[in-house]
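The values are calculated or read from the model by the stated rules, or taken from the named source; none is laboratory data. Fair warning: this is a prediction, and the values are worked out from it, not measured in the lab. Positions of Cβ are backbone-derived with ideal geometry, glycine not excepted, and every protein chain shown enters the neighbour counts.
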Amino acid sequence: MKKTLVSIVMGSDSDLPVMKQAAEMLEQFGIDYETDIVSAHRTPEKLFEFASNAHKRGIKVVVAGAGGAAHLPGMIAAISPLPVIGVPIKSSNSIDGWDSVLSILQMPGGVPVATVALNGAKNAGILAAQIIAASDTALREKIIEYKAKLKEQVINKAKNLHS
């Protein structure tokens, strides 16, 4: 049985279509993950329990997505010793997503959150894999192969463009 290494959390089930992209990338790299809904504003006790204990359960990286005020990634980073990757999500009550981007990006000194682009959960999944790969050579090779395939795709698209 594999060990769960990444926790993907989101503030609401409406964030799931975006956050699935992180899960798909982790699956591609063969990394076990868990998913949950943890609202910073509606379930603060659950957030505190999650952030306080994720590292004790063997989690290595947290990918946290939120829209609107988007406090989830920052609050997890304030409590947890784990690296947190924030995914700002353009939600129905969003100001074009800028509220989410700035809420996650503008963290105070001492409480870092790695922030990806608006709705950029795919990159969050890749970044989580790269963090784990820093100490896992087999996973690092998978990432090297993935990047080589990206290069090959671009070269092939350029050839197709000119043919």
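Details
- Condition met for A121 (crowded, with 17+ Cβ neighbours inside 10 Å and under 22 Å from K56 (Cα atoms)): no
- Test: residue in region 35-54 that is within 15 Å of the chain's Cα centre (by Cα), among the hydroxyl-bearing types (S, T, Y) and crowded, with 17+ Cβ neighbours inside 10 Å: no
- Residue count for region 32-90, restricted to those that are among the charged types (D, E, K, R) and either touching a residue at least 40 places away in the same chain (Cβ under 8 Å) or closer than 20 Å to I126 by Cα (or both): 5.
- All conditions in (1) over 19 Å from K2 (Cβ atoms); (2) touching a strand residue (DSSP E or B) at 6+ places or on another chain (Cβ under 9 Å); (3) surrounded by 12 or more Cβ atoms within 10 Å (Cβ to Cβ) hold for N93, with the sole exception of (3).
- Residues of region 99-150 classified as under 26 Å from L16 (Cα atoms) and either touching a Lys or Arg at 6+ places or on another chain (Cβ under 9 Å) or of a type in the set (V, I, T) (or both), total: 18
- For region 61-86, a residue qualifies if it is surrounded by 24 or more Cβ atoms within 10 Å (Cβ to Cβ) and either part of a loop (DSSP other than H, G, I, E, B) or of a type in the set (S, T, N, Q) (or both), and exactly one does: A70.
- Residue within region 89-100 that is among the basic types (K, R) and either closer than 22 Å to I143 by Cβ or touching a helix residue (DSSP H, G or I) at 6+ places or on another chain (Cβ under 8 Å) (or both) present: yes
- Candidates in region 103-122 are the residues that are assigned to a loop (DSSP other than H, G, I, E, B) and of a type in the set (S, T, N, Q); of these, the one that is farthest from K147 (Cα to Cα) is Q106.
- Filtered residues of region 87-97 (kept if part of a loop (DSSP other than H, G, I, E, B) and either closer than 7 Å to L118 by Cβ or touching a Phe, Trp or Tyr at 6+ places or on another chain (Cβ under 7 Å) (or both)): K90, G97
- Positions within region 116-163 being β-branched (V, I, T), free of Cβ contacts under 8 Å to residues at least 40 places away in the same chain and closer than 27 Å to P81 by Cβ, in sequence order: V116, T137
- Selection status of I8, of a type in the set (A, V, I, L, M, F, W, C), surrounded by fewer than 20 Cβ atoms within 10 Å (Cβ to Cβ) and within 12 Å of L72 (Cβ to Cβ): no
- Residue within region 67-82 that is of a type in the set (V, I, T) and in contact with a helix residue (DSSP H, G or I) (Cβ under 8 Å, 6 or more places away or on another chain) present: yes
- Checking S100, S135 one by one, the residue that is part of a helix (DSSP H, G or I) and polar (S, T, N, Q) is S100 and no other.
- Just one residue in the set P108, P73 is farther than 30 Å from G30 by Cβ, of a type outside the set (D, E) and at pLDDT 95 or above; that residue is P108.
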